[in-house]
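Worksheet: one structure, shown below.
The values are calculated or read from the model by the stated rules, or taken from the named source; none is laboratory data. Quick caveat: nothing in here was measured; it's all calculated off a predicted structure. Neighbour counts are summed over all protein chains in view; Cβ atoms, including those assigned to glycine, are modelled from backbone coordinates with ideal geometry.
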């Protein structure tokens, strides 16, 4: 038994979750919400051009978070359940099957992603996966109302930091043995996941582009499928 991390965008989900969020919003949002999102997307594009892809992603999530401000848990669930339903055709079902094999072997599964946590919770529930989720949090106040803010983006080295903390916490609680903590896997797809691949014992590259294939071949990392 061990610890298995699974990325979402480009890995567990082969489609474009950004595009799916726009499509779901198109069915749900009013003019006021679209005005908030539109302003945020302009900022995201600018940030992306200056600071790169991670800055774009963070500003994108901030824009949608602001549009969710004042929503209840039930309203958020409705939005993200629509998102899951719309994206079912882009689910990597072969990888879902592999995750279930890990579950049967008693491994601890973590969906580890920069995607918004409510989306991943809705997705894993729909897929019937018994997993832990480490992802970008959409902040909710004590009354169950969205504040319109997000936590830190879980990407790159932050993935490694959060997995380390999770493993140490589970060891302290007695939920994870030293042997299990040392038997680590990562399923992911992109260059931003290289720190995670270097951290785990069993790196598995999923849906790689040409650049990632070259990196995997150089490092001797396995390709999924």
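Which of (1) over 20 Å from residue 102 (Cβ atoms); (2) buried (at least 16 other Cβ atoms within 10 Å of the Cβ); (3) over 21 Å from the mean Cα position of the chain (by Cα) does residue 208 not meet, given it meets every other one?
Only one criterion is unmet by residue 208, namely (3).
Report the residue count in the stretch 203-220 for those that are outside any helix (DSSP H, G or I) and under 20 Å from residue 92 (Cα atoms).
Summing the residues that are outside any helix (DSSP H, G or I) and under 20 Å from residue 92 (Cα atoms) in the stretch 203-220 gives 7.
Of 74, 122, which residue is buried (at least 21 other Cβ atoms within 10 Å of the Cβ) and either touching a strand residue (DSSP E or B) at 6+ places or on another chain (Cβ under 8 Å) or outside any strand (DSSP E or B) (or both)?
Within the list 74, 122, the selection yields 122.
Quick one: what pairs do we get from the stretch 214-225, first residue on the phi > 0 side of the Ramachandran plot and modelled with pLDDT under 95, second assigned to a loop (DSSP other than H, G, I, E, B) and surrounded by 12 or more Cβ atoms within 10 Å (Cβ to Cβ), C-beta under 9 Å, 6+ apart or different chains?
From residues that are on the phi > 0 side of the Ramachandran plot and modelled with pLDDT under 95, the pairs are 225/206; 225/207.
Kindly check whether there is at least one residue in the stretch 172-180 that is in contact (Cβ under 8 Å) with a residue 40 or more places away in the chain and under 17 Å from the mean Cα position of the chain (by Cα).
Among the residues of the stretch 172-180, not one is in contact (Cβ under 8 Å) with a residue 40 or more places away in the chain and under 17 Å from the mean Cα position of the chain (by Cα), which makes the answer no.
Which ones in the stretch 78-107 are in contact with a helix residue (DSSP H, G or I) (Cβ under 7 Å, 6 or more places away or on another chain) and either farther than 21 Å from residue 20 by Cα or part of a helix (DSSP H, G or I) (or both)?
79, 80, 81, 82, 83, 84, 86, 96
Could you tell me how many of the residues in the stretch 148-174 are closer than 11 Å to residue 3 by Cβ and not in a helix (DSSP H, G or I)?
The qualifying residues number 0.
Just checking, which of 181, 186 is surrounded by 20 or more Cβ atoms within 10 Å (Cβ to Cβ) and not in a loop (DSSP other than H, G, I, E, B)?
186
Exactly one of these conditions fails for residue 137: (1) modelled with pLDDT of 95 or more; (2) surrounded by 16 or more Cβ atoms within 10 Å (Cβ to Cβ); (3) farther than 23 Å from residue 102 by Cα. Give me its number.
(1)
When residues of the stretch 192-202 are filtered for being more than 18 Å from residue 94 (Cβ to Cβ) and touching a strand residue (DSSP E or B) at 6+ places or on another chain (Cβ under 8 Å), how many remain?
The qualifying residues number 6.
Suppose we keep only residues that are free of Cβ contacts under 8 Å to residues at least 24 places away in the same chain and under 16 Å from residue 111 (Cβ atoms) within the stretch 123-150. Which one would you say is nearest to the chain's Cα centre (by Cα)?
Filtering the stretch 123-150 for residues that are free of Cβ contacts under 8 Å to residues at least 24 places away in the same chain and under 16 Å from residue 111 (Cβ atoms), the one nearest to the chain's Cα centre (by Cα) comes out as 133.
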